[in-house]
Amino acid sequence: MKEASSQGGAHGEISGGQPPESTANSLAAGVLRRNGLKSWTRPAPTLYPHQWSWDSAFIALGLAHTDNSRAARELESLFSSQWSTGKVPHIVFNPEAPPRSYFPDAERWNSSALSPHAPDSRHTSGLCQPPVHAIAVNRIWETSREQDESRASRAREFLRDNFPRLLNWHRYLATARDPEESGLVTIYHPWESGTDNSPRWDGPLEAVPVGEVPSYTRYDLQHVADASHRPTDAEYDRFLWLLELLKQTRYEEAEIYESHPFLVKDVFFSAILVAANEALLEIAEAVDAPDEDREQIQTWINRGRGGLDGCWDQEFGLCLDRNVRTGEASRARTIAGFAPLISGGLGRNQMDELLQTLDSPAFAGHPELRWPLPPSTSPEDPGFHPRSYWRGPTWPVVNWLLWWSLLRAGETERAERLRRDTLDQLAEGGFAEYFEPFTGEPLGSGEQSWTAAVALDLLASGPDEP
Ligand code: DGY
């Protein structure tokens, strides 16, 4: 069965006006339960049968509201495959996944054989993804503090165990991925951004000459209703060629920096790191971490905000990625440009400019949108495509990030509107991976775990909630 067709179920069950919150809660919790395995949760029933890094972080954030210890296990299971460099791999392979269900598989990555830094116990990919984890750990802490003392003390223990792992992860990003100390994280592959086929990467990818890619079959296309929802074959050839190049370096950071043709300062990833460092600072408080760790984290926060400041584009009213190889900005209008909202600490003027961009017809103010939610790529960008993955569809996890950032910035009314519109969209379309922005049609995979997870967090965070 094609995965997208299973959306009919979720859609059917919760359509017909917004369901009462308790129904929405139990529907969302049901998605996480059905996708759950022993200690972690598949991002989607068939399209993504392994553990993905940032999916897991969002999943833990949602589970924090239904089952705190399950939420903690989700992250512990991911971090048990952390590389000795501190890197948290973007995929931890599930040895029990059905054969030929996902490509590139563990064999193609071959990371345990190639790199002495990869874990022996599990096969992983050689890349990483945006570091939402500390934000999720902090949510686990917040939700358990509200409960009885025994849960709070278990959560404190979880924080103590995980603080060093999170610190190593952030240190890896602040050093190996930013040898220039620019405050901006360098990615080696569009998959690291989490926004795989975004027009942000068109320029830097075009500059990569594609060599001989060993033959492969795309299993992802079996799991969606229509191939147009996913990246194209030409994009996949480039993705796989970059993977071959990384393997040639045996995933050695210094060599990658020296020879790899795709090195880009990703503003969205960098902003998430700043927000995650703020969460880590709170965790550091809770576990009474040494002053030098706290100072280090604060330095990363300041440096990150400074780096993002330098990527501001006045004409677009957005922040733009920068190609390390050429020094050029990637002139694409995408939701990544709202990075400074996520990293926080903005002055009133820059905040107003960003909000103006958000409300403009280039994003959430486009008159034909089904819901006033920002498309992943602006309909005014030449790379826009309303059905293709990160080229236009609306993503509930992105709405969550913007909502959470608006709240942190004190923009409560606007945050509340975004929360309501996101929930309305899900009430109509189910817990899909992403949505066609003009029709609200659910696209990609149905029953997507992180969509259900952010719904749980949004439902728990209404103005009437404690
Ligand atoms: C996919 O397979 O679509 C992922 O985004 C790559 O990690």
Quiz item: Taking only protein heavy atoms and a 1.4 Å probe, what accessible area per residue, in Å², does region 310-392 have with all protein chains in place?
Solution: 40 Å²
Quiz item: Within the chain, how many Lys pairs sit with Cα atoms under 24 Å apart, leaving out pairs fewer than 8 places apart on the same chain?
Solution: 4
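Leaving ligands, DNA and RNA out of it, report the carbon-plus-sulfur percent of the accessible area of region 235-296 at a 1.4 Å probe.
Numbers: 890 of 2230 Å².
Of the solvent-accessible surface of region 235-296, carbon and sulfur hold 40 percent.
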Quiz item: Per residue Cα convex hull volume for region 154-227, in cubic angstrom?
Solution: 210 Å³
Quiz prompt | Charge dipole (debye, nearest 20) of the chain; +1 at Cβ of Lys and Arg, -1 at Cβ of Asp and Glu | solution = 760 debye
Practice problem: Please report, in debye to the nearest 20, how large the charge dipole of region 318-418 is about its Cα centre when each Lys and Arg carries +1 at its beta carbon and each Asp and Glu carries -1 there. | Solution: 300 debye
Quiz item: Taking the Cα centre of the chain as the origin and placing charges on Cβ (Lys, Arg +1; Asp, Glu -1), which of 346, 296, 51 is farthest toward the positive end of the dipole?
Solution: 51
Practice problem: Over all directions, average the projected area of the Cα convex hull of the chain and note it in nm². | Solution: 20.1 nm²
Self-check item: Cβ-defined net charge surrounding residue 58, 15 Å radius [Lys, Arg +1; Asp, Glu -1]
Solution: -2
Quiz item: Whose amide H sits under 5 Å from the amide H of residue 443, counting only residues 5 or more places off or on another chain, with H placed in the peptide plane?
Solution: 433, 434, 435, 436
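For the chain, what is the relative contact order in percent, using Cα pairs closer than 8 Å and at least 6 residues apart in sequence?
21 percent
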Quiz item: When the Cα atoms of region 184-334 are enclosed in a convex hull and the volume is divided per residue, what value in Å³ results?
Solution: 161 Å³
Quiz prompt | region 341-412, relative contact order [Cα under 8 Å, separation at least 6], % | solution = 29 percent
Exercise. Using the Karplus curve 6.51 cos²θ - 1.76 cosθ + 1.60 with θ = phi - 60°, work out ³J(HN,Hα) for each residue of region 244-258 in order, rounded to whole Hz, and write x for Gly and Pro.
Key: 4, 5, 5, 5, 4, 8, 6, 6, 8, 4, 4, 5, 4, 4, 6
Exercise. Please name whichever of 273, 227, 362 sits farthest to the positive end of the charge dipole of the chain, dipole taken about the Cα centre and charges placed at Cβ: Lys and Arg +1, Asp and Glu -1.
Key: 227
Practice problem: Would you kindly derive the ³J(HN,Hα) couplings of region 157-162 from the backbone phi angles with the Karplus curve 6.51 cos²θ - 1.76 cosθ + 1.60 (θ = phi - 60°), listing them in order in whole Hz, with x for Gly and Pro? | Solution: 5, 4, 4, 4, 5, 8
Quiz prompt | 3J(HN,Hα) from dihedral phi, region 344-356, Karplus parametrisation 6.51/-1.76/1.60, rounded to Hz, x for glycine, proline | solution = x, x, 7, x, 4, 5, 5, 4, 4, 4, 5, 5, 5
Exercise. Pull up all non-local amide H partners of residue 124: gap of 5 or more, or a different chain, and H-to-H distance under 5 Å with H placed in the peptide plane.
Key: 93, 111, 112
Quiz item: Ratio of region 316-384's C-alpha Rg to 2.2 N^0.38 Å, to two decimals?
Solution: 1.15
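Averaging sequence separations of C-alpha pairs under 8 Å and six or more residues apart, then dividing by the length of region 352-466, give the relative contact order as a whole percent.
22 percent
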Quiz item: Measuring from centroid to centroid over Cα atoms, what is the spacing of region 257-314 and region 75-150 in Å?
Solution: 20 Å
Practice problem: Could you tell me which of 440, 324, 64 has its Cα farthest along the dipole of the chain towards the positive end, charges placed at Cβ (Lys, Arg +1; Asp, Glu -1), taken about the Cα centre? | Solution: 64
Practice problem: Measure out, as a whole number of angstrom, how far apart the alpha-carbon centroids of region 318-332 and region 387-459 sit. | Solution: 27 Å
Exercise. Compute the distance in nm between two label points, each set 7 Å from the Cα along the Cα-to-Cβ direction, one at residue 254 and one at residue 206.
Key: 3.6 nm
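The values are calculated or read from the model by the stated rules, or taken from the named source; none is laboratory data. Because the structure is predicted, anything quoted here is derived from the model rather than measured. So basically every Cβ, Gly included, is an ideal-geometry build from the backbone, and we count neighbours across all protein chains shown. Remember, those area values only see protein heavy atoms, side chains included, never the ligands or the DNA or RNA. Shrake-Rupley method; radii C 1.70, N 1.55, O 1.52, S 1.80 Å.
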